[in-house]
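Colleague: Below: one structure in structure tokens.
Here, each number is a calculation from the coordinates, and none is a lab measurement. Please read these numbers as outputs of a predicted model, since none were measured by experiment. Cβ placement follows ideal geometry from the backbone for every residue including glycine, while neighbour counts extend to all protein chains displayed.
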């Protein structure tokens, strides 16, 4: 049996590849790095920049691609440090520049679709489905504040391994997601590839502390999977179900709480007012929980993100 192929490159022991892959039918080119260990082992994919203004993960992936040593790897680490390159270069926040779609809502993509769908199709066919495990790095968008947390998908063939992976992430909260469509890591999970999504960072900022924390989490997961030598560390965390409330109208948004705050049912979480200061809508907490992320900008857009909160999972 020949060596495994990814993006047109053989995964040969000790090999390092830094290249761009063309997305067929578009002008898009996606940077990627292949780090092939000298010893056999699993192939782990790390992606960042699916949402292109989420800079902590992008910088962490770039640094990992230069720091991981193939002599110390058992298996392969494939890094896509900037999945939505055109969005990054045109500062479109979560959107692919060419068609205005949110890349992480169109997986598995469409080989006959628009640019974002063609990009998602390529990412899945070339990278995701050829991985044995998958780590997707995200953070709060340019208008969002966020407390660090992570996701895995429940009731999937890969759930047990994914749970071991999320135990390696140094955050307080984990969401057991029920979403099985649209997102890259969701798609991987339902296809039997153990996957986690790490959220760390906010407001298009990127601090050294956050970058190092992302890198530490990735290395810890690689140790858990046997790709790096050493024992992995497990971090206790509270498991949550996530709920997202979008804005019912456009206007000025005045949040009452901060990301990471706990609240009780009935507490006011924020208010939308018109341009004369009159109340248009008030958001009250429907249950006890913790605020995971929220819009932090004054402007808020109808049907756009407003608050996302976690409610403790009590069915374990």
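Colleague: Per Stokes-Einstein, at 10 °C and 1.306 mPa s, what whole-number D in µm² s⁻¹ belongs to the range 176-316, with the Kirkwood radius over Cα pairs as the hydrodynamic radius?
Modeller: 90 µm²/s
Colleague: Within 10 Å of each residue's Cβ, count the other Cβ atoms and sort 5, 93, 165, 306 from fewest upward. Walk me through the intermediate numbers first.
Modeller: On the way: 5 11, 93 16, 165 27, 306 22.
Listed from fewest to most nearby Cβ atoms, that is 5, 93, 306, 165.
Colleague: Evaluate the distance, in nm, between pseudo-label points positioned 7 Å from the Cα of residue 3 and of residue 129 along their respective Cα→Cβ axes.
Modeller: Result: 2.4 nm between the two label points.
Colleague: Ok, one more. At 20 °C and a viscosity of 1.002 mPa s, what translational diffusion coefficient does Stokes-Einstein give for the range 133-182, taking Rh as the Kirkwood radius over Cα pairs? Give it in µm²/s as a whole number.
Modeller: Answer, rounded: 177 µm²/s.
Colleague: By how many degrees, 0 to 90 and rounded to 10, does the Cα axis of helix 208-224 deviate from the longest principal axis of the chain?
Modeller: Around 50 degrees separate the two axes.
Colleague: OK, next. Please arrange 68, 11, 103 by counting, for each residue, the other beta carbons lying within 10 Å of its beta carbon, fewest first.
Modeller: 11, 68, 103
Colleague: Something else about it: Using a 10 Å cut-off around each Cβ, can you sort 249, 139 from fewest to most neighbouring Cβ atoms?
Modeller: 249, 139
Colleague: Now a separate question. How big is the shadow of the Cα convex hull of the range 5-236, averaged over all directions, in nm²? Display every interim value, and only then the final one.
Modeller: Numbers: hull surface 44.5 nm².
Quarter of the Cα hull surface area: 11.1 nm².
Colleague: Between helix 55-67 and the chain, what is the angle of the helix's C-alpha long axis to the longest principal axis, kept within 0 to 90° and rounded to the nearest 10?
Modeller: Tilt of helix 55-67: around 20 degrees.
Colleague: Here's a follow-up. May I ask you to compute the full-extension gain from residue 89 to residue 301, defined as 0.36 nm times their residue separation minus their alpha-carbon distance, rounded to one decimal in nm?
Modeller: Between residue 89 and residue 301, full extension yields 73.9 nm more.
Colleague: Taking N as the number of residues in the range 1-127, what value does Rg over Cα atoms divided by 2.2 N^0.38 Å take?
Modeller: 1.06
Colleague: If I model a spin label at residue 112 and residue 264 as a point 7 Å from the Cα along the Cα→Cβ vector, what separation in nanometres do I get?
Modeller: It is 5.7 nm.
Colleague: Could I get the Rg over Rh figure for the range 245-312? Both from C-alpha atoms, Rh via Kirkwood, rounded to two places.
Modeller: 0.95
Colleague: In whole angstrom, note down how far apart the Cα centers of the range 230-273 and the range 61-139 are.
Modeller: Between the Cα centre of the range 230-273 and that of the range 61-139, the gap is 27 Å.
Colleague: Calculate for the chain the 222 nm mean residue ellipticity that helices alone would give, adding -39,500 (n - 2.57) per DSSP H run of length 4 or more and normalising by residue count, nearest 500 deg cm²/dmol.
Modeller: The per-residue figure over the chain is -5500 deg cm²/dmol.
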